[in-house]
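Since every read-out is calculated from the coordinates, none of them should be taken as a lab result. Quantities reported herein were computed from a predicted structural model and do not represent experimental measurements. FYI the Cβ positions are ideal-geometry reconstructions off the backbone, even for glycines, and counts take in every protein chain you see.
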């Protein structure tokens with residue numbers, strides 16, 4: 001999953017910093033600069049969890065920001081879109097990347113994939129080497145990378161080993177590089193937080209692998225961003241790693257219990273079994289949390305060792321945030337508050353896989369395609385129908401046979417798919433590229449049309465369109481399910497689910513219209529109440 005949760009724990013040894021009092025020497029050929037001078041920076045991974053939060057903070061700090069994204073449409077609805085220069089690139093074209101870096105002083109490399117597969121490490125290392133070479137050719141002053149804490153003397157998981165290699169590529173590139181190494185990142189919408197939250201919410205008694213007794217130093221996402229922003233203006237030639245963390249070290253089982261207490265739940269009974277069982281634990285986490293198996297397994301594997309900072313040298317270069325570093329319990333409280341208030345900026349799920357969009361109807365010629373189209377005339381005004389449409393999924397559900405949706409979600413989870421537990425970032429509003437349960441927003445014409453692309457496991461590609469238009473004194477609700485089957489299996493799949501569609505989709509159209517009428521009546525009551 002390209003994107004970048006940047007939430008895996010670990011540690012590595014690092015080159016020693018210059019001794020106190022010894023001046024830092026600027027790199028030959030680099031632009032001289034003062035500490036507070038605004039920079040021109042380029043951010044990769046701007047559609048990811050960390051990158052999507054870093055960009056607006058770099059803008060607030062006065063920097064000129066460029067972002068490299070494969071699909072610009074993914075950031076069409078973010079608040080900072082008009083304040084950055086967008087470059088469409090996949091990071092696989094060295095010449096194009098070097099051109100994009102021509103006037104860049106600081107490059108933030110926040111791209112990481114948790115998807116497993118043959119050649120995974122080699123691909124990540126190769127991409128990092130391509131980026132490092134382009135940065136050196138463009139005379140970029142600094143590369144900033146966010147890796148993970150990991151021990152020196154342990155057999156690392158594939159993903160942690162890959163992160164260590166990528167950091168080393170930058171440190172050996174000839175470009176001054178800062179590699180931050182962070183443990184579990186706690187923030188609203190982070191994969192690590194969602195994993196802890198769903199485990200603690202769901203299971204009052206947890207038989208668990210032995211790694212729940214490992215010591216973990218978490219870090220609040222706000223503190224990660226503090227260090228990343230500060231890295232742009234640090235004096236020249238550090239070229240080293242920095243361990244960053246909250247200095248609040250807990251066993252993983254205590255992290256779940258601290259969450260439970262903050263959430264107002266009884267303390268959880270966590271029974272540590274004398275086996276690590278990372279694969280079994282990864283599967284269990286995938287089933288009971290929103291995290292898919294492709295992410296839960298590397299997250300669990302990253303917890304097989306203690307993840308505690310072994311040096312605090314960063315304090316010599318970057319002042320701590322105002323108010324100090326955020327303790328774990330406080331980070332949990334902040335994350336819960338952001339979710340409660342609908343202020344989640346980014347989520348792990350929104351860093352999704354690029355996929356082909358729905359072809360326009362004329363382009364369907366020559367393809368086998370199945371559709372299920374429903375319309376419903378309603379007395380509700382279009383704006384109220386739209387409010388229901390844009391709020392669909394998550395806690396609001398899908399307005400038809402909740403049990404059937406849950407069963408399909410569980411089946412999808414068992415196949416390694418997204419399932420229905422991913423929810424949505426905001427309870428009322430959506431943006432292009434955002435997740436809604438097992439769907440992703442492919443297009444939104446606010447007030448008129450919402451198109452969702454399915455990310456469930458199925459033998460074909462599927463979309464769901466929900467639209468509304470004025471119809472006399474009320475509205476016309478339109479609903480269309482579209483499925484492009486893949487081979488014979490895809491055709492048999494559609495035939496198998498078609499009887500269920502005959503029940504689910506008509507009731508969905510009726511119930512959405514009914515919910516809009518209820519909303520309209522409630523709004524009318526409020527107006528009447530406020531009228532003198």
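Enter the Cα centre distance for the pair region 242-278 and region 279-331, rounded to the nearest angstrom.
The two parts, judged by their Cα centres, are 11 Å apart.
Going by average Cβ density within 10 Å per residue, which order do the peptides 368-378, 127-137 take, highest to lowest? Mind dumping the intermediate values first?
Values: 368-378: 15.6, 127-137: 20.4.
Ranking the peptides 368-378, 127-137 by packing returns 127-137, 368-378.
If I fit a long axis through the Cα atoms of helix 278-288 and take the longest principal axis of the Cα atoms of the chain, what angle between them do I get, 0 to 90°, rounded to 10?
For 278-288 against the chain, the angle is about 40 degrees.
May I ask you to compute the full-extension gain from residue 364 to residue 521, defined as 0.36 nm times their residue separation minus their alpha-carbon distance, rounded to one decimal in nm?
Working: separation 157, 0.36 × 157 = 56.52 nm, distance 4.10 nm.
This chain segment gains 52.4 nm when fully extended.
Multiplying the sequence separation of residue 280 and residue 375 by 0.36 nm and subtracting their Cα-Cα distance, what value in nm do you get?
So the extension gain works out to 29.7 nm.
Under the definition of Cα pairs under 8 Å and six or more residues apart, what whole-number percent is the relative contact order of region 2-350?
Details: 729 pairs, mean separation 82.7, N = 349.
Over region 2-350, the number comes to 24 percent.
In nm, give the distance between the simple-model label positions of residue 125 and residue 446, each being 7 Å from the Cα along the Cα-to-Cβ direction.
Once both label points are built, they end up 4.7 nm from each other.
Go through (i) 1.22; (ii) 0.95; (iii) 1.03 and flag the label whose value is the computed Cα Rg over 2.2 N^0.38 Å for this structure.
Computing Cα Rg over 2.2 N^0.38 Å and matching it to (i) 1.22; (ii) 0.95; (iii) 1.03 gives (iii).
At a 10 angstrom cut-off on C-beta neighbours, averaged per residue, how do the peptides 444-457, 180-193 rank from highest to lowest?
Highest-to-lowest ranking by the protection proxy: 180-193, 444-457.
By how many nm would the segment from residue 172 to residue 507 grow when fully extended, if each residue of separation counts as 0.36 nm and the alpha-carbon distance is taken off?
So the extension gain works out to 114.6 nm.
How tilted is helix 252-263 with respect to the longest principal axis of the chain? Cα atoms for both, answer in degrees (0 to 90, nearest 10).
In the chain, helix 252-263 runs at an angle near 50 degrees to the longest axis.
Roughly what percent of Cα-Cα pairs across region 170-251 reach past 22 Å?
41 percent
In degrees between 0 and 90, to the nearest 10, how far off the longest principal axis of the chain does helix 487-530 point, with axes built from Cα atoms?
90 degrees
Using only helices, what value at 222 nm comes out for the chain when you add -39,500 (n - 2.57) per DSSP H run of length 4 or more and divide by the total residues, to the nearest 500 deg cm²/dmol?
The helix contribution divided over the chain gives -11000 deg cm²/dmol.
Going 7 Å from the Cα of residue 154 in the Cα-to-Cβ direction, what parts of region 214-250 have a backbone nitrogen less than 11 Å from that spot?
Output list for this probe position: 214-217.
With a 10 Å radius around each residue's Cβ, average the other Cβ atoms per peptide and rank 206-214, 341-349, highest first.
Taking the mean over residues of other Cβ atoms within 10 Å, the ranking is 341-349, 206-214.
For the pair residue 82 and residue 210, what calculated FRET efficiency results from E = 1/(1 + (r/R0)^6), where r is the Cβ-Cβ distance and R0 = 35 Å, to the nearest 0.05? Walk me through the numbers before you get to the answer.
On the way: r = 51 Å, r/R0 = 1.45.
FRET efficiency, residue 210 to residue 82: 0.10.
Tell me, what is the percent relative contact order of region 367-530, built from C-alpha pairs under 8 Å that lie six or more residues apart?
In percent, rounded to a whole number, it is 32.
Run the numbers on region 133-238 and let me know its relative contact order in percent, using alpha-carbon pairs under 8 Å that are six or more apart.
For region 133-238, the relative contact order is 32 percent.
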